[in-house]
1. So, N177, is that one assigned to a strand (DSSP E or B) and either open to solvent by 60 Å² or more (accessible area, probe 1.4 Å) or aromatic (F, W, Y) (or both) or not?
2. Please identify the pairs in which a residue from region 185-205 that is within 18 Å of L126 (Cα to Cα) and open to solvent by 70 Å² or more (accessible area, probe 1.4 Å) has its Cβ atom under 9 Å from the Cβ atom of a residue that is at pLDDT below 90 and not β-branched (V, I, T), counting only partners at least 6 apart or on another chain.
3. Restricting attention to region 119-148, and to residues there that are over 12 Å from the mean Cα position of the chain (by Cα) and open to solvent by 50 Å² or more (accessible area, probe 1.4 Å), which single residue is modelled with the highest pLDDT?
4. Counting only residues that are of a type outside the set (D, E) and out of contact with any Leu (no Cβ under 9 Å at 6 or more places or on another chain), which one in region 92-108 is surrounded by the most Cβ atoms within 10 Å (Cβ to Cβ)?
5. Identify all residues within region 35-63 that are more than 22 Å from D134 (Cβ to Cβ), in contact (Cβ under 8 Å) with a residue 40 or more places away in the chain and not hydroxyl-bearing (S, T, Y); write none if there are none.
6. For a quick check of your reading: which helices (runs of 4 or more DSSP H) sit entirely within region 1-81 and have at least 1 residues that are under 22 Å from L105 (Cα atoms), at pLDDT 60 or above and not β-branched (V, I, T)?
7. If you take the residues in region 82-91 that are assigned to a loop (DSSP other than H, G, I, E, B) and not acidic (D, E), which one is most open to solvent (accessible area, probe 1.4 Å)?
8. Consider D155 carefully, then state whether it is in contact with a strand residue (DSSP E or B) (Cβ under 7 Å, 6 or more places away or on another chain), open to solvent by 30 Å² or more (accessible area, probe 1.4 Å) and not polar (S, T, N, Q).
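The values are calculated or read from the model by the stated rules, or taken from the named source; none is laboratory data. Note that this is a predicted model, so its numbers are computed, not measured. No Cβ is skipped: glycine too gets one built from the backbone with ideal geometry, and neighbour counts run over all protein chains shown. Surface areas here come from the heavy atoms of the whole protein model, side chains and all, with no ligands, DNA or RNA. Shrake-Rupley method; radii C 1.70, N 1.55, O 1.52, S 1.80 Å.
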Amino acid sequence: MKRWYKKVNRGLVLAVILFIGLVSYITVGTIQFNQQKESAKELIENYMEAVMKFAADKTASNIQVEQLMGTYWEKKEMRLQDGGLDKEEFQMQMDQFLEEKNENLEQLSGIMTDYQISKYGTKGALCKIEYNYDFTLSGETVVILPTGIEVISEDLWTEYGLETDQKAKRNEQLSANIYLTLTDDGWKIVRITMDNYIVNNMTAV
């Protein structure tokens with residue numbers, strides 16, 4: 001009488017082993033990702049705050065740009081049809097902001113109103129956020145936001161029935177996708193793309 005294991009289809013056994021290995025790999029990856037979710041949100045919140053603080057800093061310098069980029073960004077090639085900002089592009093915009101900024105931005109603050117995170121690849125995450133900004137400014141202003149550079153031109157003042165030298169408050173709301181990668185130093189941003197952008201109002205102070 002042949003032993004029972006000799007009757008078993010070896011291909012079937014191999015398939016079962018591979019399936020169990022795949023399930024285990026996915027399960028472990030999911031557990032690890034869930035453990036890292038909170039630190040991903042913390043990174044984004046710190047990043048948004050750091051860029052806004054930089055934008056409103058009258059003494060902002062290239063040294064601060066390098067520190068900010070090193071802390072929050074990582075260079076990584078991504079095949080995304082919708083473009084957006086990677087580390088190189090955002091650093092260029094930061095440098096442009098330093099060259100063109102003026103004293104017209106007096107205050108910039110913001111709050112994240114919605115946040116969703118999902119796994120993206122083996123060591124990545126996709127964070128969908130909604131953010132609300134409040135500005136206090138006077139005249140044409142160049143400002144760097146966490147999602148890229150913005151020029152608030154004199155034409156916009158006229159559009160809202162304001163004099164170009166008037167101090168005003170402006171509110172913007174945006175939706176963005178922030179792509180992260182997990183490095184030895186924790187989460188880093190590799191790309192940001194915009195979904196939607198709305199100016200809610202601009203009123204004289």
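1. Details: assigned to a strand (DSSP E or B): yes; either open to solvent by 60 Å² or more (accessible area, probe 1.4 Å) or aromatic (F, W, Y) (or both): no.
Against the criterion (assigned to a strand (DSSP E or B) and either open to solvent by 60 Å² or more (accessible area, probe 1.4 Å) or aromatic (F, W, Y) (or both)), N177 does not qualify.
2. M194/D82; M194/G84
3. D134
4. Step one: of region 92-108, the residues of a type outside the set (D, E) are 92-94, 96-98, 101-102, 104-105, 107-108.
Cutting the leftovers down to out of contact with any Leu (no Cβ under 9 Å at 6 or more places or on another chain) gives us 92, 96-98, 101-102.
On the way: M92: 12, Q96: 13, F97: 20, L98: 15, K101: 18, N102: 12.
So, considering only residues that are of a type outside the set (D, E) and out of contact with any Leu (no Cβ under 9 Å at 6 or more places or on another chain), the one surrounded by the most Cβ atoms within 10 Å (Cβ to Cβ) is F97.
5. Q36, K37, A40, L43
6. Numbers: elements: 4-7, 10-56, 62-72.
It comes to 10-56, 62-72.
7. Of region 82-91, the ones assigned to a loop (DSSP other than H, G, I, E, B) are 82-84, 86.
Next, only the ones that are not acidic (D, E) stay: 83-84.
Working: G83: 26, G84: 46 Å².
The residue in question is G84.
8. Values: in contact with a strand residue (DSSP E or B) (Cβ under 7 Å, 6 or more places away or on another chain): no; open to solvent by 30 Å² or more (accessible area, probe 1.4 Å): yes; not polar (S, T, N, Q): yes.
In short, no.
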